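Working notes for the structure below.
The values are calculated or read from the model by the stated rules, or taken from the named source; none is laboratory data. Keep in mind it's a predicted model, so treat the numbers as computed, not measured. Using ideal geometry, Cβ is built from the backbone for each residue, glycine included, and neighbour counts are taken over all protein chains shown.
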Amino acid sequence: MKVGIFITNQHRLATDMVGALEEQFVMVRHARDRGWDTLMTGQHYLNEGDNKQLQCVPLLARLAAEAGEMTLGLGILLLNLHNPVYTAETIASLDVIARGNFIFGVGLGYRDIEFDAFGVPKGQRVKLLEEYLTLVQRLWTEDRVSYDGPGCRLDNVHMNIRPVQKPYPPIWMAANNDPAVRRAARLSDAWMINPHATIDTIRRQMAIYRAELKAIGKGAPRELPVAKEVYCAKDRATALETAGPYLLAKYRDYAKWGQDKVMPDNTDFSRPLDELMEGRFILGSPEDCYAGLKPYWEEFGVNHLLIRTHWVGMPLATALASMRLISDELLPELQKVKAAPRLA
């Protein structure tokens, strides 16, 4: 089992961003020094309400200097918002910065404010995602590329900067609803399972994912990642008291942004914490957390766990308290797990 840290890059408007960046360095150094495998961060534009964030590409490039031998990854780049030439050259550059130890996470996005800002009309969003991903792969692998489509025209061009990894970095695709899960099976190297769905929804969608892989003649992915909201404390009550307010506030923001509206199975992020966390969040002692995570590798074959244990507004000391317990007690047990993705 590989274990990674998903760095939260959202902060309240009153936050000093220089100080917040320094705090992220501290968390990354801890993960690096204690044997965590992966470092990922995500992307949004035009954060609404009491939120702001640095953009993921320059942030990840800077964090690379702190990460040592950790694998770096975007989780995720909103692919259809960006010109594919920009994406191809930027990701190739990040793969060089990471010395060929990089994961290219992509996704569709769900916020109209972002689609509108980048001129991505309704009815074109999925089409552009698929076309742009194919074009990026062509730019990395073909000698000459021509393309004439929305937002991009190429006439027999050759891209000189290429990824270190051949043919290109592993592509993980985030997917929330059922059609997106099928798309992840078709277009990517792995479905990046989101932290928002309950385990019952993931169980149902895993059957969809495996069926689509079989239908198109693809084997099980080499790595099957899941992102989870995890907070470790001495016991469940302390974890709930310590992390609950920050986690609940994060999902209240998701509700305002409409994240739950693109989720399946009547998801409602405005519910009370005790209802919201059922089958979704992992909060408690190291033993509680291990037990809560266990079904993901036993039942689904997950072999890459991405932990988010810091949310908007949470003090550094509070996040580090969880990270230390994870490093001391949970991580050694997770690293003993032998898991492999499977088709049935």
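With the requirement that a residue be more than 19 Å from M1 (Cα to Cα) and either outside any loop (DSSP other than H, G, I, E, B) or touching a helix residue (DSSP H, G or I) at 6+ places or on another chain (Cβ under 6 Å) (or both), what does the stretch 217-234 give you? Please lay out each step first, then the result.
Let us first name the residues in the stretch 217-234 that are more than 19 Å from M1 (Cα to Cα), namely 217-219, 233-234.
Selection gives A233 alone.
Selection of the stretch 138-177 for residues being closer than 30 Å to Q259 by Cβ and assigned to a strand (DSSP E or B) yields G149, C152, I171, W172, M173, A174, A175.
Output the residues belonging to the stretch 150-166 that are farther than 19 Å from L72 by Cβ, in contact with a helix residue (DSSP H, G or I) (Cβ under 7 Å, 6 or more places away or on another chain) and modelled with pLDDT of 95 or more.
First, the residues of the stretch 150-166 that are farther than 19 Å from L72 by Cβ: 150-160.
If we keep only those that are in contact with a helix residue (DSSP H, G or I) (Cβ under 7 Å, 6 or more places away or on another chain) as well, we get 150, 152, 159.
Hits for the stretch 150-166 are C152, M159.
Pairing each residue of the stretch 102-131 that is within 24 Å of K256 (Cβ to Cβ) and in contact (Cβ under 8 Å) with a residue 60 or more places away in the chain with any residue that is surrounded by fewer than 22 Cβ atoms within 10 Å (Cβ to Cβ) and of a type in the set (K, R), provided the two are 6+ apart or on different chains, yields C-beta distances under 8 Å for L108/R125; Y110/K261. For E48, the test of being of a type in the set (D, E) and part of a helix (DSSP H, G or I) is failed.
Picking from T318, T267, which residue would you name as being among the polar types (S, T, N, Q) and not in a loop (DSSP other than H, G, I, E, B)? Full working, then the answer.
Numbers: T267 fails: not in a loop (DSSP other than H, G, I, E, B).
Answer to the selection: T318.
Within the stretch 91-101, count every residue that is surrounded by fewer than 19 Cβ atoms within 10 Å (Cβ to Cβ), free of Cβ contacts under 8 Å to residues at least 60 places away in the same chain and not in a loop (DSSP other than H, G, I, E, B).
Of all residues in the stretch 91-101, those surrounded by fewer than 19 Cβ atoms within 10 Å (Cβ to Cβ) come to 93, 96-97, 99-101.
In the following step, the residues that additionally are free of Cβ contacts under 8 Å to residues at least 60 places away in the same chain were identified as 97, 101.
If we keep only those that are not in a loop (DSSP other than H, G, I, E, B) as well, we get 97.
So the count comes out to 1.
Among the residues in the stretch 9-27, are any in contact (Cβ under 8 Å) with a residue 24 or more places away in the chain, surrounded by fewer than 23 Cβ atoms within 10 Å (Cβ to Cβ) and within 21 Å of E223 (Cβ to Cβ)? No, that holds for no residue. For the stretch 322-344, taking the residues that are in a loop (DSSP other than H, G, I, E, B) and surrounded by 15 or more Cβ atoms within 10 Å (Cβ to Cβ), the one that is farthest from the chain's Cα centre (by Cα) is identified as V337.
Considering every residue within the stretch 69-78, establish whether at least one is over 25 Å from A185 (Cα atoms), at pLDDT 95 or above, more than 19 Å from the chain's Cα centre (by Cα) and of a type in the set (A, V, I, L, M). No, the stretch 69-78 contains no residue that is over 25 Å from A185 (Cα atoms), at pLDDT 95 or above, more than 19 Å from the chain's Cα centre (by Cα) and of a type in the set (A, V, I, L, M). For the criterion of being out of contact with any Ser or Thr (no Cβ under 8 Å at 6 or more places or on another chain) and at pLDDT below 95, G107 fails.
Of everything listed in (1) of a type in the set (F, W, Y); (2) over 16 Å from H44 (Cβ atoms); (3) not in a helix (DSSP H, G or I), the single unmet condition for Y110 is (2). Checking the stretch 199-206 against the condition returns a match, with at least one residue being buried (at least 21 other Cβ atoms within 10 Å of the Cβ), within 16 Å of the chain's Cα centre (by Cα), assigned to a helix (DSSP H, G or I) and β-branched (V, I, T). If only residues of the stretch 277-293 that are within 19 Å of I193 (Cβ to Cβ) and touching an Asp or Glu at 6+ places or on another chain (Cβ under 7 Å) are counted, the one that is surrounded by the fewest Cβ atoms within 10 Å (Cβ to Cβ) is G279. In the stretch 171-187, the residues that are more than 13 Å from I202 (Cα to Cα) reach residues that are hydroxyl-bearing (S, T, Y) and surrounded by fewer than 22 Cβ atoms within 10 Å (Cβ to Cβ) with C-beta atoms within less than 8 angstrom, at least six apart or across chains, in these pairs: I171/S188; W172/S188; M173/S188.
Within the stretch 167-188, restricting attention to residues that are under 12 Å from Y209 (Cβ atoms) and in contact with a Lys or Arg (Cβ under 9 Å, 6 or more places away or on another chain), the residue that is surrounded by the fewest Cβ atoms within 10 Å (Cβ to Cβ) is R186.
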